[in-house]
Structure formats: structure tokens, C-alpha cells
1. Checking the cross-link filter: which lysines have an alpha carbon closer than 24 Å to that of Lys30, excluding same-chain neighbours under 8 positions apart?
2. Calculate the tail of P(r) for the chain: the fraction of all Cα-Cα distances greater than 18 Å, expressed in %.
3. Work out the FRET efficiency for Phe7 and Glu79 from their Cβ-Cβ distance, taking R0 = 35 Å, and round it to the nearest 0.05.
4. Which order do Met1, Met27, Met17 fall in if you start with the one that has the fewest other Cβ atoms within 10 Å?
5. Note down the magnitude of the dipole of the chain about its Cα centre, charges +1 on Lys and Arg C-beta and -1 on Asp and Glu C-beta and zero elsewhere, to the nearest 20 debye.
6. Which Cα, out of Tyr24, Tyr59, Gln75, lies furthest along the positive dipole direction of the stretch 3-78 (beta carbon charges, K/R +1, D/E -1)?
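No lab work stands behind these numbers, since they all come straight from the coordinates. Worth saying up front: this structure is predicted, and the values here are computed from it rather than measured. Neighbour counts are summed over all protein chains in view; Cβ atoms, including those assigned to glycine, are modelled from backbone coordinates with ideal geometry.
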Amino acid sequence: MSTEEYFVKLEDKHPGMFVLSGDYVGMDYKIELQCKQHGPVTKLASTFISGPGCGKCAYNQKMEKASQLLKLLEQASKEGLC
């Protein structure tokens, strides 16, 4: 797979999140990408394609979902629904 083909797959999985900053050698080799929010992230090239991408972004998304769930539960409790 070429660098261009890899970046197309990366954009399909994580649109607009990363800028390619390292050289793509193969899926089993580490590559450095620039997360647009958190800066440099180095992982196996395959992990960027199959995983959540930037660990900090993934953590922030999980925390936001948890916060929304807590707000819903608090509202349901106030209304006597649970």
C-alpha cells in the first residue's frame, strides 16, 4: 500500500483528524501523525486504521458521553422515573 492509499483509509476512518507527519512504511510499523487537537501521536499504522485514533480524543469522547448519561439519569431521577 502506498502512503497515499494509507492516508485515504485513514481519512475514511477519522475524517479531518490527522495530518500525516511521518513516513508510511507498512501496517506493522509505527508512524507519527499529527492530531489536529493534541499534536503528535505515534502508533502502529494498523492501529490508526482499526482503532479509535488519538487516545486523548477517544478519552474526551468517552467522558462527554458519560457526562451526558449522568445528566439524563439525574433528570430521570428528579422526575421520579427511576
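1. Lys9, Lys13, Lys43, Lys56
2. 48
3. 0.10
4. Details: Met1 12, Met27 16, Met17 19.
In order of increasing Cβ crowding within 10 Å: Met1, Met27, Met17.
5. 380
6. Gln75
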